[in-house]
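Quick note: the coordinates plus some simple rules give every number you see, no bench work behind them. Predicted model only: the values in this text are computed from it and were never measured. For neighbour counting, all protein chains shown are included, and Cβ atoms are generated from backbone atoms with ideal geometry for every residue, glycine included.
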Amino acid sequence: MNSKQYIAIEDQYGAHNYHPLDVVIDKAKGIWVWDVDGRKYIDCLSAYSAVNHGHNHPRIIKALVAQARSLSLTSRAFRNDQWPMLAKELCRMTGYDMVLPMNSGAEAVETAVKTARKWGYEKKGIPDDLAEIIVCANNFHGRTVTVISFSTEALYRKNFGPFTPGFKVVPFGDADALEKAITPNTAAFLVEPIQAEAGILIPPDGYLKKVREICTKNNVLFIADEIQTGLGRTGKLMAWEYEYAKPDVLVIGKSLGGGCYSISACLAKADVMNVYQPGTHGSTFGGNPLACAVAREALRVIKDEKLVANAAKMGKYFMAKLRTIHSRYIKEIRGKGLLIGLELYPEAGGARRFCEALAAAGLLCKETHDNVIRFAPPLIIGTKDLDWAYEKIKGVFTALEN
């Protein structure tokens, strides 16, 4: 079957909740993917940063296969030998005391919300059912009803109400607005260190440090959603490390599964995570041995292959190259590490047509918020391949300008 046939089947039988580029991938290795028609592409999206290690990393695949042959699922009704080891290794790597495992990023964010509310009632003394959580405008934390309840994107909310109460929205990057919004009933502040889905929006220098100080002063939990920014993507293990602003609660996912298996986690210090007792929260698949074995190897690969340092070095290199492209359509290039956004002026006609042209040239990326092209290749990429990508990008801008 060819691409057009697969696309026709998907459009007939699959729900139309995505608008993907018309590339049907059936094989991948490292930074490269191939479609069913035999065309080859550099992956510059990395499954929204879930494939930081590159596609089908041999060590991660080996760990996946070995564990699948031994034990895949027990549920949390019983114990297994992989979950406690991942918990220990993850806490030691990130500097937290305890971790609660889930499967998807949205589930981990929901866990952070539940944790903050329970902590607010049992540790801070907030009256029952009055806990507030402050979030930022243009946030993206997932697609569940509770999470879209505090989204400011109309498309994510339309016809999905009624919504979960208990959230306040302040501008992203405005620490003074956060401080003014805090009341005695504020349990937590939830924020992405960099807003990826909103268009790679980076807050002012010192913002996270000030957030940390404000939360400490007001006995408010600082929750960082590092599902996209964490585990090396921005050139630090966690993006909060740029300002040494350690959150009370850390949410991670995506690349924790090494691009092979879905797993997420909510980490916190012990006096926060200890609000849970048996039966108060759970997941049948959370902490399953297959996911944990994969995540353990994914963490080892990050360390052994120095992916964090490579992301920092290659990100600086690639952004410097991109900034040499002279085009009346380019408004700004911004990013940290290998999380890079190229913002277009409205007169460019939207980022979608650029992404389609780039795909035709052999480079896969995705538009976000209409006018931003996101570049987020696997963290294993080197200068030679970035040079190749740069020439394709430059060529597309030249062609579309003319």
* Structure fact -> Gyration tensor on Cα atoms of segment 278-402, a ≥ b ≥ c root eigenvalues, a/c under 1.5 rounded, else prolate if a/b beats b/c, else oblate, says prolate
* To do: Return one number: the angle in degrees, 0 to 90 and rounded to the nearest 10, between the long axis of the Cα atoms of helix 3-13 and the longest principal axis of the Cα atoms of the chain.
  => 40
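In segment 251-293, what is the volume of the convex hull around the alpha carbon atoms, normalised per residue and reported in Å³? Please report the intermediate quantities before stating the final value.
Values: hull volume 3.7 nm³, N = 43.
In segment 251-293, the Cα hull volume divided by residue count equals 85 Å³.
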* Asked: Which whole-Hz couplings ³J(HN,Hα) result when phi for each residue of segment 65-71 is put into the Karplus expression 6.51 cos²θ - 1.76 cosθ + 1.60, θ = phi - 60°, listed in order with x for Gly and Pro?
  -> 5, 4, 5, 4, 6, 9, 6
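If you restrict to DSSP beta bridges whose two residues both lie in the chain, what percentage is antiparallel, to the nearest 5? Can you show the working numbers first?
Numbers: 31 of 47 bridges.
Beta bridges within the chain, antiparallel portion: roughly 65 percent.
Taking the Cα centre as origin and putting +1 on Lys and Arg beta-carbons and -1 on Asp and Glu beta-carbons, what dipole magnitude results for segment 256-402, to the nearest 20 debye?
Numbers: 20 positive and 14 negative charges, 74 e Å.
Result for segment 256-402 is approximately 360 debye, rounded to the nearest 20.
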* Cα lying deepest toward the dipole's positive end in segment 58-304, options ALA268, ALA177, ILE61, charges on Cβ -> ILE61
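Going through the cross-link list LYS254/LYS313; LYS254/LYS321; LYS254/LYS303, which pairs have a Cα-Cα distance over 19 Å in this structure?
Details: LYS254/LYS313 22 Å; LYS254/LYS321 28 Å; LYS254/LYS303 17 Å.
Beyond 19 Å between Cα atoms: LYS254/LYS313; LYS254/LYS321.
Starting from the Cα gyration tensor of segment 126-260, take the square roots of the eigenvalues, sort them a ≥ b ≥ c, and report rounded, prolate or oblate (rounded when a/c is under 1.5, otherwise prolate if a/b is larger than b/c, else oblate). Don't skip to the answer; put the middle values down first.
Values: a/c = 1.64, a/b = 1.10, b/c = 1.48.
Here segment 126-260 falls in the oblate category.
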* To do: Only loop residues by DSSP count here, and only those with at most 16 other Cβ atoms within 10 Å; note down the trypsin sites (Lys or Arg not before Pro) in segment 1-43 that meet that.
  => ARG39
* Asked: What is the Cα centroid distance between segment 325-377 and segment 160-207, reported in whole angstrom?
  -> 26
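List the equivalent ellipsoid semi-axes of the chain in whole Å, largest first, each obtained as the square root of 5λ for an eigenvalue λ of the Cα gyration tensor. Write out the running numbers ahead of the final one.
Numbers: eigenvalues 230, 137, 83 Å².
Here the semi-axes work out to 34, 26, 20 Å.
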* Excluding THR186 itself, calculate the net charge of residues whose Cβ lies under 10 Å from the Cβ of THR186, where each Lys or Arg counts +1 and each Asp or Glu counts -1. => +1
* Asked: segment 317-362: D in µm²/s via Stokes-Einstein (Kirkwood Rh, Cα pairs, 25 °C, 0.890 mPa s)?
  -> 213
* With 22 Å as the limit, write out which pairs from LYS123/LYS209; LYS88/LYS316; LYS114/LYS246 have Cα-Cα distances beyond it, or answer none. => LYS123/LYS209; LYS88/LYS316
* Asked: How much net charge surrounds LEU73 when only the other residues with a Cβ under 14 Å from the Cβ of LEU73 are counted, with Lys and Arg +1 and Asp and Glu -1?
  -> +2
* Asked: Against the longest alpha carbon principal axis of the chain, how many degrees, from 0 to 90 and to the nearest 10, is the axis of helix 383-401 turned?
  -> 70
* **On Cα atoms only, tilt of 105-119 relative to the major axis of the chain in degrees** => 20
* Of the options TYR390, ILE194, TYR207, report the single residue whose Cα projects farthest towards the positive end of the charge dipole of the chain (beta-carbon charges: Lys, Arg +1; Asp, Glu -1). => TYR390
* Tensor-based shape of segment 33-192 (alpha-carbon gyration tensor, a/c under 1.5 rounded, otherwise prolate or oblate) -> oblate
* Structure fact -> Once Lys and Arg are counted +1 and Asp and Glu -1 for all other residues with Cβ under 13 Å from that of ALA137, the total becomes -3
* **3J(HN,Hα) from dihedral phi, segment 373-381, Karplus parametrisation 6.51/-1.76/1.60, rounded to Hz, x for glycine, proline** => 9, 9, 10, 8, x, x, 6, 8, 5
